[in-house]
1. One-quarter of the Cα convex hull surface for segment 132-257, in nm²?
2. Karplus couplings for segment 101-109 from phi (6.51 cos²θ - 1.76 cosθ + 1.60, θ = phi - 60°), rounded to Hz, Gly and Pro as x?
3. Nearest 20 debye, what's the magnitude of the dipole of segment 89-235 about its Cα centre given +1 on Lys and Arg Cβ and -1 on Asp and Glu Cβ?
4. Can you give me the long-range amide H partners of Ile76? Hydrogens built in the peptide plane at 1.01 Å from N, cutoff under 5 Å, separation of 5 or more residues or another chain.
5. Which of the listed residues, Asn209, Met108, Ala80, is farthest toward the dipole's positive end in the chain, when Lys, Arg count +1 and Asp, Glu count -1 at the beta-carbon?
6. Expressed as an acute angle from 0 to 90° and rounded to the nearest 10, what is the orientation of the C-alpha long axis of helix 138-152 relative to the principal long axis of the chain?
7. For segment 7-15, in order, what is each residue's ³J(HN,Hα) by Karplus, 6.51 cos²θ - 1.76 cosθ + 1.60 with θ = phi - 60°, in whole Hz (x at glycine and Pro)?
8. Based only on other Cβ atoms within 10 Å, what is the fewest-to-most ordering of Phe54, Phe118, Phe64?
Amino acid sequence: MSELSVDHLLGIKYLTKEDVDLIFETADHFKEVINRPIKKVPSLRDITIANLFFENSTRTRLSFELAEKRLSADVINFSAASSSVKKGETLIDTVNNILSMKVDMVVMRHPNPGAGVFLSKHVDAKIINAGDGAHEHPTQALLDSYSIRERLGEVGGKKIVIVGDILHSRVALSNIFALKLQGAEVKVCGPKTLIPKYIDKLGVQVETNLKKALKWCDVANMLRVQNERMEISYFPSTREYTQQFGLNKGLLDSLDKEIVIMHPGPINRGVEITSDVADSDQAIILDQVQNGVAVRMAVIYLLASKIKR
């Protein structure tokens, strides 16, 4: 199979295992490109991509922009996080304005779940979901799985625990879909108030004791607490959260095995993870960042090949 089964990347739940394999094989090729002295390939010289960010994001936006430029695409950046673009209708208006500039692909982050799906039905361009509310963040899940595959050889059969604020995390949901699709075992760990009620329907077990979760897993993906998405307090204090669910070197060293530590960033150092863990050899946090560019190059390249000229 040399092409994706989908025309857009709206969420992991729409992908097949073959799609994921194809993205990873393509990313392997681009990873080699990124490590060359000349890091650009002319693959998408005639393609125009608009980055539409209706929510603030530095790392994801920069990663996409770098991926697009490495592929020699023309890039338009539109940041609407501070503007009054909040309603569905203005979303269409904004996009139609941008599409009148003959854009082939749109990378969009939006606070409303399903915004990408909505867009894909109304717009004649390939859509990549760069995060829709607390729903999905497919490229993050792909780069996380890719990083696990790189470190451990494969994802299938591995035990992964996702720790922290599962309730508000699009990273957690996309990761669960991606890991299950590839045959990994998944547990989530965090305060009961931050575990969604429907989680067991996703075939995921809940573990409320961090040490037990760490003893079980091969990989721990430490999420940050998303204070900006919380209208109410889900736990008594940050200090108490850290005592129960924060990962420190002492806890890591107390395990009778070496596990892989991941974090989607940005890190709240000293809250969900201490600096000595984040900067240790067991952490693949910087690999995730580097792999993010290769994986996003792969997704953009594979979707671009489906653009009808």
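FYI, it's all coordinate maths here, none of it is from the lab. Here the structure is a predicted model, which is why all the values come from computation and not from measurement. Don't worry about glycine lacking a Cβ; one is built from the backbone with ideal geometry, like all the others, and counts go over all protein chains shown.
1. Numbers: hull surface 30.9 nm².
It is 7.7 nm².
2. Values per residue, Gly and Pro as x: 8, 6, 8, 8, 9, 10, 9, 10, 10 Hz.
3. 600
4. Ile49, Ala50, Asn51
5. Ala80
6. The helix 138-152 is inclined about 60 degrees to the chain.
7. My calculation for segment 7-15 gives 9, 9, 10, 9, x, 5, 5, 9, 8 Hz in order.
8. Working: Phe54 24, Phe118 18, Phe64 27.
Listing Phe54, Phe118, Phe64 from fewest to most nearby Cβ atoms yields Phe118, Phe54, Phe64.
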